[in-house]
1. Quick one: Debye curve from the alpha-carbon atoms of region A:6-64 only, equal weights, vacuum; give me log10 I(q)/I(0) at q = 0.14, 0.31 Å⁻¹ to two decimals.
2. Got a number for carbon plus sulfur as a percent of the protein assembly as shown's accessible area, 1.4 Å probe?
3. For region B:132-198, what is one quarter of the convex hull surface built on the Cα atoms, given in nm²?
4. Just to check I understand the Karplus step: with θ = phi - 60° and J = 6.51 cos²θ - 1.76 cosθ + 1.60, what whole-Hz values come out for region B:117-128, glycine and proline as x?
5. Regarding region B:72-145, what are the three Cα extents along the principal axes, ordered largest first, in Å?
6. Give me the orientation-averaged projected area of the Cα convex hull of the protein assembly as shown, in nm², one decimal.
7. What is the set of long-range amide H partners of A:Ala195 at a cut-off below 5 Å, with H atoms built 1.01 Å from backbone N?
8. With every protein chain kept in place and ligands, DNA and RNA left out, what is the accessible area per residue of region A:6-64? Probe 1.4 Å, answer in Å².
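The values are calculated or read from the model by the stated rules, or taken from the named source; none is laboratory data. Note that the structure is a prediction, hence the values are computed from the model and not measured. FYI the Cβ positions are ideal-geometry reconstructions off the backbone, even for glycines, and counts take in every protein chain you see. SASA here: full protein model, heavy atoms, side chains in, ligands and nucleic acids out. Shrake-Rupley method; radii C 1.70, N 1.55, O 1.52, S 1.80 Å.
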2 protein chains.
Amino acid sequence: MARIPASERRAALIEAALRVVSRRGIAQATTRAIVAEAGMSLASFHYAFDSRDELIDELIITVVAREQQAVIPDLSPGQSLRELLESGILGYFEHLKADPEHEQAMLELTQYALRSPERHPLARAQYARYAELAERSLELAASVADVAWRVPVPEVARTLVAFTDGLTLTWLVDRDDDAARAVAQAAADALSRMAGPR
Amino acid sequence: MARIPASERRAALIEAALRVVSRRGIAQATTRAIVAEAGMSLASFHYAFDSRDELIDELIITVVAREQQAVIPDLSPGQSLRELLESGILGYFEHLKADPEHEQAMLELTQYALRSPERHPLARAQYARYAELAERSLELAASVADVAWRVPVPEVARTLVAFTDGLTLTWLVDRDDDAARAVAQAAADALSRMAGPR
DNA sequence: GTGCGACTGGGACGACTGTCCCACTTCGGC
DNA sequence: GCCGAAGTGGGACAGTCGTCCCAGTCGCAC
């Protein structure tokens with residue numbers, strides 16, 4: 001095995017862990033499975049990380065920090081806010097369909113974090129990040145549609161996050177694209193009503 | 001230990017398993033933990049069930065079959081459909097607040113079922129049941145409000161399930177009652193728009 | 001009451017887990 | 001070239017997991 005500084009090994013192990021969690025679930029993400037995925041030995045694992053828990057915590061932090069603007073409306077002007085929001089949510093839906101395992105992994109990591117008091121803040125941080133990204137999309141959409149939010153944007157954002165979460169969960173179970181699109185439409189409808197003329 | 005027929009033991013073990021999953025998560029629901037919760041010996045477990053997998057499958061089936069009308073609007077007439085739906089969703093929210101661990105357990109069981117192809121149908125059945133209950137509530141609400149659904153009720157129902165799912169997930173993370181109420185309001189608003197005068 | 005089948009308890013099994021140890025190799029600075 | 005620190009490999013550890021076995025006990029039908 002090539003010699004790799006511990007910091008790079010940490011990164012490689014986190015990537016390997018994410019792949020294992022996505023493919024087989026967090027319960028199967030054992031130290032040996034992660035190490036095999038990364039092509040390393042067990043000793044390298046515990047040289048880079050004190051424990052498996054530390055790795056999982058780092059994984060959550062990494063994956064949350066990396067979360068990108070998924071729900072970004074395509075900014076063709078001349079569209080109503082409702083249309084912008086709907087195409088934004090549908091954009092997220094395409095992202096979900098392109099890599100369902102990733103979103104399922106995110107869901108599992110949240111549930112995992114929810115199960116121990118000391119990890120609960122990680123779940124909160126994850127959702128704070130989602131809300132932050134949602135806020136930005138909402139501000140952008142309102143500005144393109146030339147309207148103003150009548151409800152505080154953070155509140156609208158939390159509602160948007162809840163709606164996309166519900167869409168994700170139900171689609172992962174049913175894989176029903178039409179149902180997901182109906183949810184997107186209803187969500188865009190409800191949210192757009194929280195804005196008014198500037 | 002008193003002598004108990006295997007069928008009763010199965011029921012007792014399922015109840016014990018539900019308590020363990022609720023309290024500590026499915027990963028901690030080992031045969032020994034379940035047996036301790038039920039006050040039995042390991043042998044009794046494998047006398048009643050062939051394997052832990054069989055127990056978990058039975059647990060999901062039981063708990064889904066038992067799922068009751070949570071989102072039932074209080075039927076005071078004279079309310080608009082929107083109001084009926086909102087109070088219905090808020091009713092579910094109270095149910096969630098009263099026993100968060102139970103809903104978290106349901107979520108975990110879904111995720112668990114989603115992870116193996118042969119268990120995936122259990123997750124589908126769970127959501128089919130949710131949709132069925134939602135349909136009934138929606139029909140009832142429309143009849144009390146004296147309106148008709150313009151969108152097929154099964155479609156409305158799936159959207160309602162997605163919305164309540166999102167509400168559940170975000171509230172379990174943030175425990176933010178106001179945010180949950182905002183989601184309920186927005187969801188009721190969106191759904192009520194799918195109905196019109198009879 | 002006797003016998004047989006249903007049920008029980010405790011201990012054991014092999015597999016798998018996270019973690020650790022230790023002898024070894026490689027590298028950068030001198 | 002040398003040396004200490006950084007990084008590596010393989011094997012071992014104790015603990016926990018699901019499952020199984022077996023000797024024993026109870027209760028009911030006859």
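1. Computed log10 I(q)/I(0) values: -0.29, -1.57.
2. Carbon and sulfur together cover 53 percent of it.
3. 4.4
4. x, 6, 9, 3, x, 5, 5, 4, 4, 4, 6, 5
5. Principal axes ranked by extent give 48, 24, 12 Å for the Cα atoms.
6. Seen from a random direction, the Cα hull of the protein assembly as shown projects 22.6 nm² on average.
7. Amide H neighbours of A:Ala195: A:Arg150.
8. Ligands and nucleic acids excluded, the figure is 45 Å² per residue.
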